[in-house]
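First up is the structure itself, then whatever we jot down about it.
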Amino acid sequence: MAELIQAKPVVAGSAKGEALVSQEPLSLWGGYDQKTGEIIDRRHPLSGQVAAGRVLVLPYSRGSSTTTAVLLEALRAGVAPAAILTTGEDAFFALAGIVAEEMYGSGIPILALDRAAFERLETGQWIEIDFDGTIRLGA
Amino acid sequence: MAASSTSALRLSEPDRAMLDGSQGPADQLAMRIVSRMAAVVGAERLMDITGAHIDSSLYMGEATLEFAEKLAGLGAQVKVPTTLNVSGVDEAGWQEWEVPASWAENARLQMIAYERMGCTPTWTCAPYQLEQRPEFGQQVAWGESSAIVFANSVLGARTERYPDLMDICAAITGRVPEVGLHLTPNRAAQVHLQLEAIPRELQEHDSFYPVLGYVLGGIAGDRVACISGFDVEPNEDQLKALGAAAASSGAVALFHIPGVTPEAPTLEDAFQGREPEEQIKLSKDRLRTARSELTTTPGTELDMVVLGSPHFSLAEFQSLAPMLKGSSKHPKVQFLVTTSRAMATLAERAGLLDPIRDFGGRITLDTCILTTPMLPETIRSLMTNSAKYAYYSPGLLNVSVAFGGLAECVNSAVRGKIVQENGIWQN
């Protein structure tokens, strides 16, 4: 039985993948290997996990303003997450999605969740995202 | 497209002229990105800026270079005075290090692209050390997390946290979404940190500020903070270290210190008369724990001491030079200071670089150890006085790191091993 959540598409698109969830914000600069998609912030709970092709779920991006550039590089190299879900609109992630569309014709979906929806997501769940922001859980 | 909120955004006549291409393709692309971002952040209109600082100039790979060359190739020109953050290469000195020639070439091409757009080649993460810096109340668009927090907090200028790729679009259009820290009500402190019985001696110590900033980032996250309870007036370098740390462990873009930072003559001003969401007392115990978290090296093994994140200031060169007199670094340890070309020129004139060279140290300009692949693989253990270096080095460089004040760093470089002095942090 699929469970549905409605999110706000910040940069709309469709995607599917396994969820990778953390309650800790993350800076992609110093936190995400743009050649492999590994989380490399050694102080972060997701350190060592590979987010490439997965649906990355974080409260927001922290720290460096280079986070956007790292995500654009990862998108170009094909090792970006399949989608990124945050609580509230995260401008840093959104910008990378927008610039990727402008530069390369395709980006990744970036969605904003409310806190209650965020709490329902767990690492390992299968997630499918529609263009309108509908999220199908655990199908 | 962010379909949900575009309807709220109302563009001015000149904005629409950029968007429809009548001002040329570069303005059009930049305005497309600015207006789409305005929709994302829920802005109702755009506003003018009168200055910009660009972090996008940092070479990260093919994509950042392609973006820069696309804009420059379309004939983009910045509309406001614009400074440039660190580059991906020290043009004059990269051959002395491990930087691959292909990296140096690409990083240089990216530097050229931003210079072609009319940006000033300052190449520093500390543009506030330059003569021309934003004034109180000035609306600007700055990238570089450590510079953003300094501009907002210490100068009282107004910038949102602009990410790479957005900062240059703001400079090209001269426009930003009218939201966030550009607006007075959003600049009120939300969280209140009170220093509790922190000895004056510790507050005067240079290693206090990076540690305090590291704690601040963890507590405040992306909120505006107020810190009270100082017995001393921190100087600009101390505030620089505090902000850079808070923008690493958190997303802090603005803090107030009543009586010190310009928007907060009093505690009431810091909160704009509102109640704090959260009040936290900071004890010496909590700061001591944070200080130890900044060190990841298990033993005392040391390969390199690195100073200058954010870039070393003239005042920091003045503090360092006398500490180095008459001694030299241990042969197995490297000693490096990263700074801007502007500060290096002033320091050279003041005779402050020769003591570093005589000590056996080196100086890297325009960039830093995190933004150019300069370090040899043999460097496994770093020591630094910067919480920003300490925070990012383990992930970006796969090294272990030890944190200490300036004197601890110099002493360790001489002894050839990590020497941390805990006295001032004890009860």
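Structure summary
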read-out	value
Residue check, B:P258 away from chain A (no Cβ under 14 Å) and within 20 Å of the chain's Cα centre (by Cα)	no
Filter result (of a type in the set (A, V, I, L, M, F, W, C) and closer than 26 Å to B:F136 by Cα) within segment B:176-211	B:V176, B:V179, B:L181, B:L183, B:A188, B:A189, B:V191, B:L193
Verdict on B:E275 being open to solvent by 40 Å² or more (accessible area, probe 1.4 Å), away from chain A (no Cβ under 14 Å) and not in a helix (DSSP H, G or I)	yes
Qualifying residue in segment B:409-425 (condition: closer than 21 Å to B:E204 by Cα, under 24 Å from the mean Cα position of the chain (by Cα) and touching a residue at least 24 places away in the same chain (Cβ under 8 Å))	yes
Checking B:P322 against (1) part of a helix (DSSP H, G or I); (2) open to solvent by less than 10 Å² (accessible area, probe 1.4 Å); (3) not β-branched (V, I, T), the condition it does not meet	(2)
Lone qualifier among A:R54, A:R62, A:R42, A:R76 - being within 10 Å of chain B (Cβ to nearest Cβ), modelled with pLDDT of 95 or more and open to solvent by 10 Å² or more (accessible area, probe 1.4 Å)	A:R76
Neighbours by Cβ (under 6 Å, 6+ apart or cross-chain): first from segment B:51-71, open to solvent by 10 Å² or more (accessible area, probe 1.4 Å); second assigned to a loop (DSSP other than H, G, I, E, B)	B:Y59/B:G88
Cβ pairs under 8 Å, 6+ apart, first in segment B:345-365 and assigned by TED's automatic domain parsing to the domain that holds B:V306, second open to solvent by 50 Å² or more (accessible area, probe 1.4 Å) and hydroxyl-bearing (S, T, Y)	B:D358/B:S328; B:F359/B:S328; B:G360/B:S328
Residue tally, condition open to solvent by 20 Å² or more (accessible area, probe 1.4 Å), in a loop (DSSP other than H, G, I, E, B) and at pLDDT 95 or above, over segment B:78-95	3
Output for segment B:21-36, where each listed residue is surrounded by fewer than 20 Cβ atoms within 10 Å (Cβ to Cβ) and either basic (K, R) or within 11 Å of chain A (Cβ to nearest Cβ) (or both)	B:Q28, B:R32
Of residues in segment B:173-202 being part of a helix (DSSP H, G or I) and under 22 Å from the mean Cα position of the chain (by Cα), the one nearest to B:D231 (Cα to Cα)	B:R187
Test result for A:A19, more than 9 Å from chain B (Cβ to nearest Cβ), in a loop (DSSP other than H, G, I, E, B) and under 24 Å from A:I98 (Cβ atoms)	no
Selection status of A:G107, among the small types (G, A, S), under 21 Å from B:G42 (Cα atoms), open to solvent by 10 Å² or more (accessible area, probe 1.4 Å) and outside any helix (DSSP H, G or I)	yes
Evaluation of B:R341 against (1) under 24 Å from A:S64 (Cβ atoms); (2) surrounded by 22 or more Cβ atoms within 10 Å (Cβ to Cβ); (3) away from chain A (no Cβ under 14 Å) (one fails), failing number	(2)
Subset of segment B:368-425 (residues that are surrounded by fewer than 23 Cβ atoms within 10 Å (Cβ to Cβ) and basic (K, R))	B:R380, B:R415, B:K417
Matching residues in segment B:259-272 - criterion: being surrounded by 13 or more Cβ atoms within 10 Å (Cβ to Cβ) and not in a loop (DSSP other than H, G, I, E, B)	B:L267, B:D269, B:A270, B:F271
Among (1) open to solvent by 10 Å² or more (accessible area, probe 1.4 Å); (2) outside any loop (DSSP other than H, G, I, E, B), the one test that B:A39 misses	(1)
Flag if B:A244 is in a helix (DSSP H, G or I) and either surrounded by 21 or more Cβ atoms within 10 Å (Cβ to Cβ) or more than 21 Å from the chain's Cα centre (by Cα) (or both)	yes
Failed item in (1) charged (D, E, K, R); (2) over 27 Å from B:V149 (Cα atoms); (3) part of a helix (DSSP H, G or I), with B:E115 passing the rest	(2)
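The values are calculated or read from the model by the stated rules, or taken from the named source; none is laboratory data. Please read these numbers as outputs of a predicted model, since none were measured by experiment. Note that each Cβ is placed from the backbone with ideal geometry, even for glycine, and that neighbours are counted across all protein chains shown. Please note that ligands, DNA and RNA were not included when accessible areas were found on the heavy atoms of the full protein model with its side chains. Shrake-Rupley method; radii C 1.70, N 1.55, O 1.52, S 1.80 Å.
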